[in-house]
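The values are calculated or read from the model by the stated rules, or taken from the named source; none is laboratory data. Quick caveat: nothing in here was measured; it's all calculated off a predicted structure. For neighbour counting, all protein chains shown are included, and Cβ atoms are generated from backbone atoms with ideal geometry for every residue, glycine included. Ligands, DNA and RNA are stripped out before the accessible areas are found, and what is left, the full protein with its side chains, is counted by its heavy atoms. Shrake-Rupley method; radii C 1.70, N 1.55, O 1.52, S 1.80 Å.
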Amino acid sequence: MTGAADELARLLARHRGRVVALTGAGISVASGIPAFRGRDGLWSRFDPDEFAHIDAFRRDPERVWAMLDQLHDHLAAARPNPAHRALARLEELGYLRAVITQNIDGLHQAAGSRDVIELHGSFQRVVCLDCGSRYSAESVRRLAGLSGGRGHRCWCGGWLKPDIVFFGEDLPRHAFLRAWAEVQNAGLLLVVGTSAEVEPAASLPRWAREAGAVLAEVNPHPVLGAEVVLAAPAEQALPAVVDRLEAGGTAAAGEPAVVLG
């Protein structure tokens with residue numbers, strides 16, 4: 001990992017203050033949150049058409065909530081891992097401008113990242129499908145536990161749903177526009193742990209490259225053809241890059257990029 005980590009550290013130094021990160025489910029696997037796709041992913045046990053589409057939720061919210069309660073147990077037990085903390089440290093040191101995440105787990109904020117754009121919403125909030133009221137998910141759960149009552153209903157009687165983007169729903173407009181603006185103005189887009197399959201987030205690397213940004217990818221199974229690739233778990237690769245920046249040990253700029261096999 002040495003050569004690729006050195007090259008990424010050089011790029012971060014060169015584009016300091018104009019670096020944007022795009023993260024996907026892979027960054028949170030080491031925190032105990034299963035990926036949605038793949039052999040052991042959530043969708044291998046729950047058909048997304050039956051449990052993750054907004055039409056399925058509207059048809060049978062209680063059935064979908066049974067799956068969501070299982071997901072909540074995973075998310076509630078999760079803690080930031082070294083990759084989340086490394087991105088927060090890059091922001092603190094002035095290299096990283098913002099994190100765009102497809103994740104709904106809130107772990108970037110828990111690690112200390114301050115500017116996080118949540119493209120797919122947050123599982124830490126719920127929204128009423130009838131009146132649009134939003135609440136802290138944990139406060140709703142506490143009240144339901146105290147009353148022994150219905151934890152998935154709003155005060156108005158409408159169904160509550162996690163404030164996340166289901167299939168069939170649009171991305172939050174403000175989050176999407178912010179993400180687009182960030183990649184348009186980035187010097188370096190650091191893509192971490194995403195399969196780049198879900199649109200429109202999957203187009204962000206292409207839009208960044210078309211706007212002139214350099215792409216760097218941290219992923220055990222790279223998919224983007226980025227200029228710099230660290231084919232390693234994010235919880236190993238990103239702390240190594242931060243260590244190099246803090247030690248001031250990056251080599252001269254302009255050397256060829258290294259792909260870690």
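Within the accessible area of the chain, the carbon and sulfur atoms contribute 51%, probe 1.4 Å, all protein chains present. Using Cα-Cα distances under 8 Å and only pairs 6 or more residues apart, what relative contact order does the chain have, in percent? In percent, rounded to a whole number, it is 27. Under 5 Å from the amide H of THR23 lie the amide H atoms of ILE100, THR101, GLN102, VAL192, each residue being 5 or more positions distant or on a separate chain, with H modelled from the backbone and absent for Pro and chain starts.
Estimated at 0.36 nm per residue, the fully extended path between GLU50 and LEU177 surpasses their Cα-Cα distance by 42.8 nm. Shown here for the stretch 79-181: chymotrypsin sites (Phe, Trp or Tyr not before Pro) in loop regions (DSSP other than H, G, I, E, B) with at most 13 other Cβ atoms within 10 Å, namely TRP155. Computed over protein heavy atoms with a 1.4 Å probe, the accessible surface of the chain works out to 46 Å² per residue.
Less than 5 angstrom separates the built amide H of ARG153 from those of LEU160, all sequence-distant by 5 or more or on a different chain.
Counting only DSSP beta bridges with both residues in the chain, what percent are antiparallel, rounded to the nearest 5? Don't skip to the end; give the middle numbers.
Working: 9 of 32 bridges.
Of all bridge pairs located within the chain, approximately 30 percent are antiparallel.
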